[in-house]
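Coordinate-derived values only; no laboratory data. The shown structure was predicted, so the numbers you read here are calculated from the model rather than taken from an experiment. Quick reminder, even Gly has a Cβ in these numbers, built from the backbone with ideal geometry, and neighbours come from all protein chains shown.
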Amino acid sequence: MNKTLAPWQKVFIVVLLVLLLAVPWVPQVVYPVFVMKLLCMALFACAYSLLLGFGGMMSFGHAAFFGSAAYITGLVVKIWGLPPELGLLGGTLFAALLGAVFGALAIHRQGIYLAMVTLALAQMVYFIFLQLPFTGAEDGLQQIPRGTLFGFIDLRNDIAMYHLVLLLTVAGLWLIHRVVRSPFGHVVVAIREHEPRARSLGYPVERYKLTLFVLSAALSGLAGSMKALVFQLAALSDVHWHLSGDVVLMALLGGMHTVFGPAIGATLVVGLQYYLDAFGGWVTLVTGLIFMVCVLSFRSGIAGAIDALRTRPRPGP
Amino acid sequence: MTEVFGLPLPVLAGQIMLGLVNGCFYAVLSLGLAVIFGLLRIVNFAHGAFFMAGAFGAWMLQRYAGLGYWAALLLVPLVVGGLGGVFERGLLRRLYGLDPIYGLLLTFGLVLVLEGGFRVAFGTSGQPYPVPANLQGVFNLGFMVLPIYRAWVIFAALAACLLTWWLIERTSLGARLRAATEKPALTQSFGVNVPRLLTFTYAGGIALAAFTGVLAAPILHVNSGMGSNLVIIVFAIVVIGGMGSVLGSIVTALGIGVIEGLTKVFYSEASTTVIFVVMALVLLFRPRGLFGKEGAV
């Protein structure tokens, strides 16, 4: 993880960026709003994986950050009538704050206990948003206006919205990339690999874990805020435990021990749900089956499998 | 009319009773969860889904086979428990020795499969299930009216809990089970068939969940989502009580049920969140849980 990008990775990133930049000009080939959803979920999955794949902490309540940021963005933009940049900021900050609370309560527990605690806390957030007066309960917070960014970029235009989402997603992923390679990141790896040793070396383990938790929550929140603006909707499904499960599946499918693999997982899961959407319970059923197959026989995920292929020793002459 | 805290006594007593009924469901479920976790080191996310399958089992027996409540109470736990055993033998077993997270994820996958499956088959609306004829009616206790069925639920659930406790703590089977929990390799070397014990334990925990499902069928609407909301609450209860002792988890579950019932009376807006608030407070002041053992974090 400490190595610089390999040449093939650089080429891959450039090609991907060019393709993504081309999307809004060929709406007859791919639907830009669908790609925006993909981008939001990819950022969400990578933010989640910053905690799981990189930090080694499994949260089962990440929908709380995604969904509450969506609701807060809706509140700021629709109810308070403030511009979208403040909506995004408000949503992200709220998610970060919530992450600090969750983190402070959860990091004392490890492994499955951490998963159970975060799941329970997220369920509490779900019920709170179900009851708060502005959220519209089962109907969700609808018709959130996209507004004009900085007073002169009209986001009602899908092309402008698309570029904002792309820019913020790339910025978020870049931030994750930098965090992973920073001195802070090295300490996090040390804590993940051998917590007592890191502690004995004098590192304030709790503070590092909490910081990572807050970062992951804030970026998940950014993804949720963007989603609220793109679809002009913040709904209960954004805070529901199903979404927490979906993001775990994205991480598992893409590669639980990698940081950017989950973006691949996000693409697959969102695509699957998009095509199965009309079939009701079948989405849940198929998602569950994929989950079970992955856990039983594909635990390294797609990115893990690619890594294994690349590092396989070549047959000698 | 007698008043307590400015509320008529029947209202207060009624809510405490409702809380106790819920607490009984929590108790049997968290008991099964704790026993499975103790031996298998697996957090069985699918516990709620098997509870739901139990309720559906009772409903289906009545609808398609014409079998009533009492037959369901006997048959459904056997069948669903057997299915649980098959699941453990065929799939869950492959994950032993790996990070326990994978067990949680596999059973989570099973939750989605079961929930999605029942939704595809029966839709999302609740199916009604009648209270059995010989348990209809109420006891009039003077200060409150107690529906006979709810009294039966409390009795049956507590009996199931005590029976499980007795089985684990007082029989030779339970002694082997506890030995396998502490030192699986050593127990196996003494000739105890530990893998079979694991299957048996998992099936037993699932049968308890299915039994609770049948008990709940006449009270809650039988629908595909009824288990998962419950299992998240049970997780919180397990965190609150700690996985240390069997009796501890029963006491915690009943207490939480009553707290929930009382919250409905005094501040109903918070009744869905109060359990999680209690969990947060316990985590702050006693991270290992009320009855958790030292070091078992």
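For the reader, a short list of remarks on this structure follows.
- P(r) weight above 33 Å for the stretch A:27-239, C-alpha pairs, percent: 17
- Whether the stretch A:103-215 is rounded, prolate or oblate, judged on the alpha carbon gyration tensor where a/c under 1.5 counts as rounded: oblate
- Between the alpha-carbon centres of the stretch B:223-256 and the stretch A:107-124 there is a gap of 14 Å.
- Each distinct pair of alpha carbons in the stretch A:13-60 adds a 1/r term; the inverse of their mean, the Kirkwood radius, is 12.4 Å.
- Lysine pairs in the protein assembly as shown whose alpha-carbon atoms fall under 30 angstrom of each other, counting only those eight or more residues apart or on distinct chains, come to 10.
- Between A:Thr284, A:Thr211, A:Thr267, the GNM of chain A built on Cα springs shorter than 10 angstrom shows A:Thr284 fluctuating the most.
- Between the beta carbons of A:Gln143 and B:Ala121, assuming R0 = 35 Å, the FRET efficiency works out to 0.45 to the nearest 0.05.
- Spatial separation of Cα centroids for the stretch A:74-92 and the stretch A:1-43, in angstrom: 27
- Per the Cα gyration tensor, the stretch B:111-190 maps to an equivalent ellipsoid with semi-axes of 38, 26, 9 Å, ordered largest to smallest.
- P(r) tail, the stretch A:95-151: Cα-Cα pairs separated by more than 16 Å, 59% of all pairs.
- A Gaussian network model of chain B, with springs between Cα atoms under 10 Å, assigns the largest mean-square fluctuation among B:Gly225, B:Gly90, B:Gly48 to B:Gly90.
- With bins 10 Å wide beginning at 0, the percent of Cα pairs of the stretch B:25-224 falling in each bin runs 9, 33, 33, 18, 7, 1.
- Between the stretch A:185-205 and the stretch B:65-124, the C-alpha centres lie 40 angstrom from each other.
- The calculated FRET efficiency for the pair A:Arg199 and A:Trp25, based on their C-beta separation and a Förster distance of 56 Å, comes to about 0.60.
- The protein assembly as shown shape via C-alpha gyration tensor axes, a/c threshold 1.5: prolate
- Average beta carbon contacts from partner chains per residue of A:232-242, 10 Å cutoff: 1
- Within chain B, helix-based [θ] at 222 nm, where runs of 4 or more DSSP H residues each add -39,500 (n - 2.57), nearest 500: -23000 deg cm²/dmol
- With a 10 Å cut-off around each Cβ of B:93-106, the average count of Cβ atoms from other chains is 5.
- Sum of -39500 (n - 2.57) over DSSP H runs of 4+, divided by residues of chain A (222 nm, nearest 500): -23000 deg cm²/dmol
- Residue-wise HN-Hα coupling along the stretch A:230-247, computed from phi with Karplus coefficients 6.51, -1.76, 1.60 (Hz; x: Gly, Pro): 4, 8, 6, 8, 10, 10, 5, 5, 6, 10, 6, 5, 4, 5, 4, x, 4, 6
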